[in-house]
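The structure appears right after this line, and notes come after that.
The values are calculated or read from the model by the stated rules, or taken from the named source; none is laboratory data. Keep in mind that this is a model prediction, so the values were computed, not measured. With ideal geometry, Cβ positions are generated from the backbone for all residues, glycine too; neighbour counts draw on all protein chains shown.
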Protein chains: 2
Amino acid sequence: MGKDLSQFIRNEAFLNKVVSAEEAASWIEDGMNLGMSGFTLFGEPKEFPLALSKRGEQENFKVNLYTGASLGPTADQSMAEAGIINLRVPYQGNAIMRGKINNGEIYYIDQHLSHTAEEVRKGSLGKIDYAIIEAAAITEDGLVIPTGSVGNSPIFVEKAENVIIEINTTAPKAYEGLHDIYVQKAQGERKEIPIYNTGDRIGEIGIKVDPAKVKGIVLSEQPDIPSPLFEPNEETQKIADNLLAFLANEVEVGNLPESLAPLQSGVGSVANAVLNGMQKSQFKDLEVFSEVLQDGVFDLIDAGIVKFAAGTAFSLSKKRVDSLAEDLEKYKDKIMFRPQEISNNPEVIRRLGVISFNTAIEVDIYGNVNSTHVNGTKIMNGIGGSGDFARNARITIFVTSSLAKNGAISTIVPFVSHIDHTEHDVDVIVTEQGYADLRGLPPVKRAEKLIEIAHPKYKEQLRAYFEEAKEKVGGQTPHILEKAFSFHNNLKENGTMLFEDDKIKH
Amino acid sequence: MGKDLSQFIRNEAFLNKVVSAEEAASWIEDGMNLGMSGFTLFGEPKEFPLALSKRGEQENFKVNLYTGASLGPTADQSMAEAGIINLRVPYQGNAIMRGKINNGEIYYIDQHLSHTAEEVRKGSLGKIDYAIIEAAAITEDGLVIPTGSVGNSPIFVEKAENVIIEINTTAPKAYEGLHDIYVQKAQGERKEIPIYNTGDRIGEIGIKVDPAKVKGIVLSEQPDIPSPLFEPNEETQKIADNLLAFLANEVEVGNLPESLAPLQSGVGSVANAVLNGMQKSQFKDLEVFSEVLQDGVFDLIDAGIVKFAAGTAFSLSKKRVDSLAEDLEKYKDKIMFRPQEISNNPEVIRRLGVISFNTAIEVDIYGNVNSTHVNGTKIMNGIGGSGDFARNARITIFVTSSLAKNGAISTIVPFVSHIDHTEHDVDVIVTEQGYADLRGLPPVKRAEKLIEIAHPKYKEQLRAYFEEAKEKVGGQTPHILEKAFSFHNNLKENGTMLFEDDKIKH
């Protein structure tokens, strides 16, 4: 590593702390709680977890791993493979780790992403033994400059007994200045979060750390990790078109201006299709107040449609990762990353009146949403920030294809097999069949709208359930509990949720 | 009515607006949206709804009724009986109305109580044709002084096309000065809610109203409506003792000071038993930041244990109603009512770090809570403010007896028949059997704790379900969907959730 370290470690108090990843990894003991940077694969340390995983192949120990959100191959995957994780909090999205969670090898707490910092502050996740934070630099003032995410790094650094900083010497220099680090005091001692516009800068450009707590600095040359590019297909394009039609109608009837309201979008193909679609829409001067900034946000900035975007992390395709250093210079007055406790904070989301859209796994006929569990048992990723936004947004939208598994699954079902968002929090559901605007409607009227946007092949059996429930049981939210999971049970027994004709009428 | 009106209507612009309740009621047209004051029976208009109900016995019309929360015999009950309600929002608790909701005669939107003002502001509940507000007085400055609740009255008055004020000449004079009326601007235009301590006064003592919008003033001499007194019995006392033991332990391990943190408590027998129990506890200098203030709060102020209590409404027994005028003078620096959008606001609840406890109807083995629906279909009251507090509190507690219906029902079940609060939002469950502290635990460990506080007669069959689900299905949240409602189905078929011995093991 021939680089001049003093350009990355610009404060002398830190210069003599450089150690190998192996040495840093050797400090970790069985049962420790690690608070690690990283969110949607961006900003996670890489050399340290690889070294720790390698050590795990020889030695018997397990740690509890707390992060911002999902980590990638060098952290979540390698650590899961090495069998060194006891408990994972608050979000993950790695196939290997998911498998080990679902077979009971790894415990997992699926948590609202705005809650984790509060839980750490209150101590309900135990003390943080080590914070391990990827950084682009340590400034003259001793501020740790995060890379492509902020996540929970500030609270981990504040509460950790020891800190390990992994300086990534390949990180774009323009990460410095991108961040707005604001840490709240304890509950009862704090003031408001003074954000009144998406771009209000309220904190510092880096994370304050007591040099005495920094036990080691590890060096890394591993570049940022790209995510798959979610190109729209015919179906996701239809969903996006329906969502855009809903928003266009809101503008037309005067509920929203052409600049809409600050937007939050989940990660994935529909979200990217919506962002793509906005390039051709009438909307202008948009602002993004989101958790994750994807490729589409850059495209909208390029097109002059988005004027500011705030989040806590990137999730970018290879193409955008390759041009990131350049892009960051270009966009530095237009994007900002804050801690996830701030990007996802109910106080700010509600004050600004964010429009939120996230992906559902399944939705029931009354508008309850399952975002996390397949068949109520196996977790996919986690609730992430969807609950932080859904409960507090101006308009809460969930999107899903009406079918899954080549039509064997209807994503609109009588009763969802797991609930992450209750009907109290859900305003609009969008499928490729259309959108159901549930605002101002009681449950039985919500059901009418929701059955309309189910796939045609499932409409009849959904209606049969609903009519039978109304007739035989009635009530505010008619259900026949014996048949509430009949779609799921049919899937298990016959490989499809679709009933044979004679079963539809029961 | 021999009283001098000028002491109640102290601004001349309003003096010539006095009309009979019948005349005011005659202005209401079929399909109109009425925004009415009132919350837990306090502060609701009485003469107007009685006159409107009477008119409804002769004429065919229906209105949509929006309030703060539950109204009493003169409003919810008489209007339900008269058949003049089409849609009710956002909360009710009247047996007659509940029956008509559950048989489909009245539509009902069960809404987070902090959300309603926002929905009215955004227009998703349509325009407010008439606001009908009970008042103790109209001041020289033209401020409308609410009586024993604030609820949604400020937003109804702001958004209504017409306002009817029902002056209650029997209302304690000391209602004037009790209220702290702060109305938020639209989303995107507002600042923070500047409450940093429970007692911070941020608004005015009354509701600003444009005299030109006030179409009429109705006079009433009907006193405040008492609620039943919830005296503790052996079981609720045990639940309260367990909850107090949990809090005492939090103090002992250093998580909380002896002044705890601002407390929110639901309404009912357990809540009152907890408040009673606090009189004999070591806790001191307590603050209450709640939705409803019950008898117990006054008792704690008398005992010098509570130093300040803020809410949005009273719910008082006959004894306390009778002494209210006197008590209000005595306690005027110690209690305050704000609009429910403020008393229940996520921003403030989270900033202050409120400790919240509310009642559950049933809880599943992973900690999901049903607060509203019996057997998933028939509504009891509504979610009320429990979600506003549960999601944002420092510690979120739900209480329930482990049995209902003389043991035919276990309130801890494999899968709740309706979900209002997901496991993401639930920290502690308390029954008369003990408390389950779920903080920092993944689902399978939550289940272990929760089965421990089920009633002994149901423990074995809960454990059998859990073990079978883990073994046969596994996953993050093990469930056997075919048997998820087996307790409920057994209740329906055999009148009890208790299986015969041979069925327990399946």
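Do we find a residue being surrounded by fewer than 24 Cβ atoms within 10 Å (Cβ to Cβ), closer than 20 Å to residue A:125 by Cβ and among the small types (Gly, Ala, Ser) anywhere in segment B:431-447? There is at least one residue in segment B:431-447 that is surrounded by fewer than 24 Cβ atoms within 10 Å (Cβ to Cβ), closer than 20 Å to residue A:125 by Cβ and among the small types (Gly, Ala, Ser).
Restricting A:381, A:375, A:406, A:358 to those that are out of contact with any Pro (no Cβ under 8 Å at 6 or more places or on another chain), under 28 Å from residue A:151 (Cα atoms) and either aromatic (Phe, Trp, Tyr) or surrounded by fewer than 24 Cβ atoms within 10 Å (Cβ to Cβ) (or both) reduces the list to A:381. The single condition from (1) polar (S, T, N, Q); (2) facing chain B (nearest Cβ under 8 Å); (3) free of Cβ contacts under 8 Å to residues at least 40 places away in the same chain that residue A:477 fails is (3). Of the strands (runs of 3 or more DSSP E) contained entirely in segment B:319-381, those carrying at least 2 residues that are under 30 Å from residue B:492 (Cα atoms) fall at B:355-359, B:362-364. Every condition in (1) modelled with pLDDT of 95 or more; (2) assigned to a loop (DSSP other than H, G, I, E, B) is met by residue A:310 except one, and the failing one is (2).
Hey, any hits in segment B:139-147 for a residue that's hydroxyl-bearing (Ser, Thr, Tyr), in contact with a strand residue (DSSP E or B) (Cβ under 6 Å, 6 or more places away or on another chain) and assigned to a loop (DSSP other than H, G, I, E, B)? Taking every residue of segment B:139-147 in turn, at least one turns out to be hydroxyl-bearing (Ser, Thr, Tyr), in contact with a strand residue (DSSP E or B) (Cβ under 6 Å, 6 or more places away or on another chain) and assigned to a loop (DSSP other than H, G, I, E, B). Restricting attention to segment A:35-72, the residues being crowded, with 24+ Cβ neighbours inside 10 Å and either in contact with a helix residue (DSSP H, G or I) (Cβ under 9 Å, 6 or more places away or on another chain) or not polar (S, T, N, Q) (or both) number 21. Residues in segment B:463-480 that are surrounded by 24 or more Cβ atoms within 10 Å (Cβ to Cβ), of a type outside the set (Phe, Trp, Tyr) and touching a helix residue (DSSP H, G or I) at 6+ places or on another chain (Cβ under 7 Å): B:476, B:477, B:478, B:479. Comparison of B:44, B:29, B:57 shows that the only residue that is touching a Phe, Trp or Tyr at 6+ places or on another chain (Cβ under 9 Å) and in the same structural domain as residue B:142 (by the TED database) is B:29. Pairs are defined by a Cβ separation below 7 Å, a sequence spacing of at least 6 or placement on different chains, a first member in segment B:190-219 that is free of Cβ contacts under 8 Å to residues at least 12 places away in the same chain, and a second member that is among the hydrophobic types (A, V, I, L, M, F, W, C); the pairs so defined are B:194/B:202. Checking the structure you have, find out if any residue of segment B:73-87 is surrounded by fewer than 24 Cβ atoms within 10 Å (Cβ to Cβ), within 14 Å of chain A (Cβ to nearest Cβ), assigned to a loop (DSSP other than H, G, I, E, B) and in contact (Cβ under 8 Å) with a residue 40 or more places away in the chain. No, that holds for no residue. Filtering segment B:426-470 to residues that are within 14 Å of chain A (Cβ to nearest Cβ), touching a residue at least 40 places away in the same chain (Cβ under 8 Å), part of a helix (DSSP H, G or I) and not aliphatic (A, V, I, L, M) leaves B:443, B:446, B:465, B:466.
Restricting attention to segment A:273-286 and to residues that are surrounded by fewer than 24 Cβ atoms within 10 Å (Cβ to Cβ) and touching a residue at least 40 places away in the same chain (Cβ under 8 Å), the residue that is nearest to the other protein chains (Cβ to nearest Cβ) turns out to be A:277.
Can you find even one residue in segment A:287-299 that is away from every other protein chain (no Cβ under 14 Å), over 15 Å from residue A:344 (Cα atoms) and assigned to a loop (DSSP other than H, G, I, E, B)? No, that holds for no residue. The single residue among A:116, A:139 that is of a type in the set (Ser, Thr, Tyr) and either in contact with a Ser or Thr (Cβ under 9 Å, 6 or more places away or on another chain) or farther than 23 Å from residue A:10 by Cα (or both) turns out to be A:116. Scanning segment A:164-201 for residues that are β-branched (Val, Ile, Thr) and either outside the structural domain of residue A:32 (by the TED database) or in contact with a Pro (Cβ under 9 Å, 6 or more places away or on another chain) (or both) yields A:164, A:165, A:170, A:181, A:183, A:198.
Looking at this structure, is residue B:155 in a strand (DSSP E or B), on the phi < 0 side of the Ramachandran plot and either polar (S, T, N, Q) or more than 14 Å from chain A (Cβ to nearest Cβ) (or both)? No, not satisfied.
Please enumerate the residues belonging to segment B:358-390 that are under 15 Å from the mean Cα position of the chain (by Cα), of a type in the set (A, V, I, L, M) and more than 10 Å from chain A (Cβ to nearest Cβ). Passing the criteria: B:360, B:361, B:390.
To keep it simple, each residue is scored yes or no on (1) within 30 Å of residue A:17 (Cβ to Cβ); (2) touching a Leu at 6+ places or on another chain (Cβ under 7 Å); (3) not assigned by the TED database to the domain that holds residue A:430; (4) not hydrophobic (A, V, I, L, M, F, W, C).
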{"position": "A:206", "(1), (2), (3), (4)": "yes, yes, yes, yes"}
{"position": "A:213", "(1), (2), (3), (4)": "yes, no, yes, yes"}
{"position": "A:241", "(1), (2), (3), (4)": "no, no, no, yes"}
{"position": "A:250", "(1), (2), (3), (4)": "no, yes, no, yes"}
{"position": "A:280", "(1), (2), (3), (4)": "no, no, no, yes"}
{"position": "A:290", "(1), (2), (3), (4)": "no, yes, no, yes"}
{"position": "A:293", "(1), (2), (3), (4)": "no, no, no, no"}
{"position": "A:302", "(1), (2), (3), (4)": "no, no, no, yes"}
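With respect to the conditions (1) within 9 Å of chain B (Cβ to nearest Cβ); (2) in contact with a helix residue (DSSP H, G or I) (Cβ under 9 Å, 6 or more places away or on another chain), residue A:122 falls short on a single one, namely (2). Residue under question is residue A:487, and the condition is that it be buried (at least 22 other Cβ atoms within 10 Å of the Cβ), assigned to a loop (DSSP other than H, G, I, E, B), touching a residue at least 12 places away in the same chain (Cβ under 8 Å) and within 11 Å of chain B (Cβ to nearest Cβ); does it hold? Considered against the rule, which asks whether it is buried (at least 22 other Cβ atoms within 10 Å of the Cβ), assigned to a loop (DSSP other than H, G, I, E, B), touching a residue at least 12 places away in the same chain (Cβ under 8 Å) and within 11 Å of chain B (Cβ to nearest Cβ), residue A:487 comes out as no.
Of all residues in segment A:88-105, those satisfying the criterion of being crowded, with 24+ Cβ neighbours inside 10 Å and either away from every other protein chain (no Cβ under 12 Å) or under 20 Å from residue A:130 (Cα atoms) (or both) are A:88, A:89, A:90, A:91, A:92. The number of residues in segment B:391-417 that are assigned to a strand (DSSP E or B), among the polar types (S, T, N, Q) and within 11 Å of chain A (Cβ to nearest Cβ) comes to 1.
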